[in-house]
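Structure, as structure tokens:
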Amino acid sequence: MKLEELSDLFDEGIPVKLIRLSKSVVGPEEAAEVSRVIELGYLGMGQEVKLFEDELKSFIGGDRDVLCVSTGTSAIHLALQALGIGPGDEVLVPSLTYLATFQAISATGAKPTACDVSIKNGFIDVVDAQKRITSKTKAIVPVHYGSSSQGIEDVYIFAKKNGLRVVEDAAHSFGCIHAGQRIGSTGDIICFSFDGIKNITSGEGGAVVTGDREVSAKIKDARLLGVEKDTDKRFNGERSWLFDVHYQGWRYHMSNIMAAIGRAQLKKIGKYGSIRREIALQYVDRLRNLSGLELLQISYENLIPHIFPVRILSGKRQIVSQLLKEAGVETGIHYQPNHLLSFYKSTYSLPISEQLGGELLSLPLHPDVTESDQLRICTLLEKILKA
């Protein structure tokens, strides 16, 4: 099939333009905050980061510590290290996730143990995870796939039964609500990402949220090269010149510039969240009965969706993606299964992850997607799949 064979795709009177899969949505408010920090003359980690952490804590709710770091990947790495996980240990993780989740685990020296996922929503399958447990298994890292944490209760039951710690990869789900509570307000350790295309951005950046004060104390030092109590000094505009170090640390702290962007973005979470949610709900409404396409069973009413993946059936994903690209619509793949990568290749198959890895296609979702953009995307999909 070629685009020329679908010439009526462009006969709608709608100008062809590039519709991006995702993008950073920032404006004069963020620019003003960055300029303010530059004028203050202290660009590294300082009071601005402290203010951002306090505002995040207030937004999330619960009696939690919030620790801002350089990326969502470093958040997971630090959380696992703070639990004492390292060489010789194993960590359960869904294969269907971005490479960063696996890299954060292996960065500790531990082995990521790939698990299968639910065909319904891409969330980790605890029945399969039970098959992967060994005496070396120390933790489980569930991924909030597509911003959804449906199934997280089963993970905590499973973890308690098997004596495991839980580090939630919530990179997709900042601002979401599950069971009436904001993501991060409950649970063991929750890790967020604030990279350029997430629900809010600080340019790059992430955060660890936990009620475990021992874990929190370790992360505070570890994000600043392990320098003992350096966080408190930097928040007061000082530095540690004479200090002690008790364990491996990393240069994983957040800067004042990043925090300034994040603070401006946090003020927009209500607006941006409503737009993202409405786009997802409109996709569901327009695509629910389209033959050749299957929606994931995700309820978007209380989510701020980061991506909108659908399943393209009958081996047609590549041609659908190519035709959409030629028509000016970017798409993505979230994700290829990590257990098939050379570095993490498993000795066993994960049939659902492998099936979804060949079917999933993510449609454009960000606050600048207009109603006419979305109508065009859905019309193109319908015509391509019916051709």
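The values are calculated or read from the model by the stated rules, or taken from the named source; none is laboratory data. Note that the structure is predicted; figures quoted are calculated from it, not measured. FYI the Cβ positions are ideal-geometry reconstructions off the backbone, even for glycines, and counts take in every protein chain you see. Surface accessibility is based on the protein's heavy atoms, side chains included, excluding ligands, DNA and RNA. Shrake-Rupley method; radii C 1.70, N 1.55, O 1.52, S 1.80 Å.
Taking the residues in the stretch 102-120 that are within 16 Å of the chain's Cα centre (by Cα) and open to solvent by less than 10 Å² (accessible area, probe 1.4 Å) as candidates, determine which candidate is farthest from H172 (Cα to Cα).
If we filter the stretch 102-120 for residues that are within 16 Å of the chain's Cα centre (by Cα), which is where we start, we get 102-105.
If we keep only those that are open to solvent by less than 10 Å² (accessible area, probe 1.4 Å) too, we end up with 102, 104-105.
On the way: F102: 16, A104: 16, I105: 18 Å.
In this case the residue turns out to be I105.
Screening G44 with (1) open to solvent by less than 50 Å² (accessible area, probe 1.4 Å); (2) out of contact with any helix residue (DSSP H, G or I) (no Cβ under 6 Å at 6 or more places or on another chain); (3) in a helix (DSSP H, G or I) gives one miss only, at (3). Suppose the filter is open to solvent by 30 Å² or more (accessible area, probe 1.4 Å) and of a type in the set (A, V, I, L, M, F, W, C); does L51 pass it? Yes; evaluated as a whole, the condition is true for this residue.
Among the conditions (1) in a loop (DSSP other than H, G, I, E, B); (2) touching a His at 6+ places or on another chain (Cβ under 7 Å); (3) not basic (K, R), the only one that P309 does not satisfy is (1).
For first residues located in the stretch 17-33 and closer than 18 Å to I377 by Cβ, partners that are basic (K, R) and open to solvent by less than 60 Å² (accessible area, probe 1.4 Å) and lie 6+ apart or on another chain with Cβ distances below 8 Å form the pairs I19/R376. Only residues that are part of a loop (DSSP other than H, G, I, E, B), of a type in the set (S, T, N, Q) and within 22 Å of F308 (Cβ to Cβ) were counted across the stretch 328-351, and they come to 2. Filtering the stretch 283-299 to residues that are in a helix (DSSP H, G or I) and surrounded by fewer than 18 Cβ atoms within 10 Å (Cβ to Cβ) leaves V284, D285, R286. Residues in the stretch 350-384 that are over 25 Å from the mean Cα position of the chain (by Cα) and either crowded, with 19+ Cβ neighbours inside 10 Å or closer than 30 Å to G109 by Cα (or both): R376, L380, L381, I384.
Residues are listed down the side, and each one gets a yes or a no for (1) modelled with pLDDT of 95 or more; (2) open to solvent by less than 10 Å² (accessible area, probe 1.4 Å); (3) not in a loop (DSSP other than H, G, I, E, B):
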site: L67; (1), (2), (3): yes, yes, yes
site: T73; (1), (2), (3): yes, no, yes
site: H77; (1), (2), (3): yes, yes, yes
site: Q81; (1), (2), (3): yes, no, yes
site: V93; (1), (2), (3): yes, yes, yes
site: L96; (1), (2), (3): yes, yes, no
site: A100; (1), (2), (3): yes, no, yes
site: G122; (1), (2), (3): yes, yes, no
site: A129; (1), (2), (3): yes, yes, yes
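If we keep just the residues of the stretch 135-155 that are open to solvent by 30 Å² or more (accessible area, probe 1.4 Å) and out of contact with any strand residue (DSSP E or B) (no Cβ under 6 Å at 6 or more places or on another chain), which is farthest from G86 (Cα to Cα)? So the residue we want is Q150.
Among the residues of the stretch 256-276, those identified as of a type in the set (A, V, I, L, M, F, W, C) and buried (at least 24 other Cβ atoms within 10 Å of the Cβ) are M258, A259, A260, I261. For the stretch 156-170, the condition holds for at least one residue, the condition being that it is within 22 Å of A264 (Cβ to Cβ) and modelled with pLDDT of 95 or more. With the requirement that a residue be touching a helix residue (DSSP H, G or I) at 6+ places or on another chain (Cβ under 6 Å) and either over 21 Å from G151 (Cα atoms) or of a type in the set (S, T, Y) (or both), what does the stretch 167-193 give you? Result: S173, S185, S193.
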